[in-house]
Amino acid sequence: MAGSLIKVDEFTISSAVSSIILGGGSSGSSGLNASIDSTYDVYMVKYNNSGTSNDATLINSRVTVLGTPDTSANYDGAWKAIRTNTTFNNVSITNETQWTYTFGDSTGTGTSEKQSGIHYLFNFNNASEYSFMTVEQVMVNANAESKGGQGGYVHTVAQACDGIQLYASTGNIASGTFTLYGLKK
Amino acid sequence: MATLEELTAAAQTEIDAKKTANGGDGMFAQVNNERREFTEAEYDQAVIDKANSDFDLQENGYKQARQEAYLPISEQLDMIYWDGVNGTTLWDDHIAEVKANNPKPE
C-alpha cells in the first residue's frame, strides 16, 4: 500500500557522537521533537552505514521514557549471527542494562566496516505491555568479515516508551543515517 | 582476572581522561539538534557501561573467539571421516587447538 511508511524522525551524523536518540521528544537528536506514541501501532528503525570512531566498538541501545534512557536491568534478547567466515552462532542476553549487540557485532574503522539494518518496534507506547524489537541486520564487522543477523529483543517492563537511544560502547558513532518510521494503521 | 570493581576503576580513569575538562576529546550526545558534551550523569553511566562491557568480554569473550576459530561443520565432518579412515586425530587436534588458544578464564 502506497504511503504506509511514514517518516517520523531522522538523524544523520555529521560530527561524531557517543549517543543519539530517535523519538524521545525534545531529548531526541534531530530537533524534530518527535516521539513514539499512539499515532502508530508499530514503528520501524532503519540505520544505514553506521560506523564507529574506535575499532571493535559495539552499538547498544535502550528504550527511553520521556526522553530519558531506561538503565534498569530488564533487557533481554536472542539472535542468530549468520557468518561468512565460519558457522553461525547463537547469542543471548538476559537482564542486562541495555540491549547489547543491537547492531549485531562490533565494527571497526577499516574501509567498508559498516552496519545497516532494520528494527521493528512493538508495544513501545503501550503502558501495559513489554516493549519488543525485532532485529534484521547486515554488516562488515571489525575483522572485515561479512555477516547477517536475525533475532529479537524484549524490554521486560510494562511501561510507555517514547524513543530509543543508540550509543557506542566506547568512543563515538562516527557515521550513519538513523531513521524512525511509523507504520500507518 | 580483574573484578568488576577493578574494571570499574579502570573505566573511570579512561572516561575521566576523555573529558574535555581534563584535556580529552570528550564524549558527546546529540540532543535536540545540538551536539553537546556528556553531562556528569552521562559520563557516570558511560563508566558503568564500559565496566560491564569489559567484564562481559573478560568472562565470555572466549566463547565468541572459539566460535570464530572453529572450522565450518562440513570441514569438521570431513576431518572426522578421514580420522576414521586413516586413524589420525585431525579433528581432536583442531578442537584442542582452538580451546587451548582461547582458554576459559579461571
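Tally Lys and Arg at +1 and Asp and Glu at -1 over the other residues with C-beta under 10 Å from the C-beta of A:Tyr75: what net charge comes out?
Combined, the nearby Lys, Arg, Asp and Glu give -2.
Using a 10 Å cut-off around each Cβ, can you sort B:Leu77, A:Leu121 from fewest to most neighbouring Cβ atoms?
B:Leu77, A:Leu121
How large is the charge dipole for chain B, taken about the Cα centre, if only the Cβ atoms of Lys, Arg (+1) and Asp, Glu (-1) carry charge, to the nearest 20 debye?
About 160 debye.
Going by the alpha-carbon gyration tensor, a ≥ b ≥ c the square roots of its eigenvalues, is region A:94-185 rounded (a/c under 1.5) or, if a/c is not under 1.5, prolate (a/b greater than b/c) versus oblate?
Verdict is prolate for region A:94-185.
Kyte-Doolittle cut-off 1.0, length cut-off 27 Å along the helix's own axis using Cα: show which whole DSSP H helices in chain B pass.
none
Hand me the tally of lysine pairs in the protein assembly as shown: alpha carbons under 12 angstrom apart, and the pair either on different chains or 8 or more positions apart.
6
Note the full-extension length gain between A:Gln150 and A:Ser4 as 0.36 nm times their separation in residues minus their Cα-Cα distance, in nm to one decimal.
Computed gain between A:Gln150 and A:Ser4 is 50.2 nm.
Just name one of B:Thr39, B:Gly87, B:Leu77: the one whose Cα is farthest towards the positive end of the charge dipole of chain B (beta-carbon charges, Lys/Arg +1, Asp/Glu -1).
Positive-end residue among those listed: B:Thr39.
Relative contact order for chain B: what percent, with Cα pairs under 8 Å and sequence separation of 6 or more?
About 26 percent, as a whole number.
Suppose every K and R has +1 on its Cβ and every D and E has -1 on its Cβ; what is the size of the dipole of the protein assembly as shown about the Cα centre, in Debye to the nearest 20?
The dipole of the protein assembly as shown has a size of about 940 debye.
Read-outs: derived from the displayed coordinates by stated rules, not from any lab. For clarity, every value in this text was computed on a predicted model and none was experimentally measured. Here the Cβ is made from the backbone with ideal geometry for all residues, glycine too, and neighbour counts use every protein chain on show.
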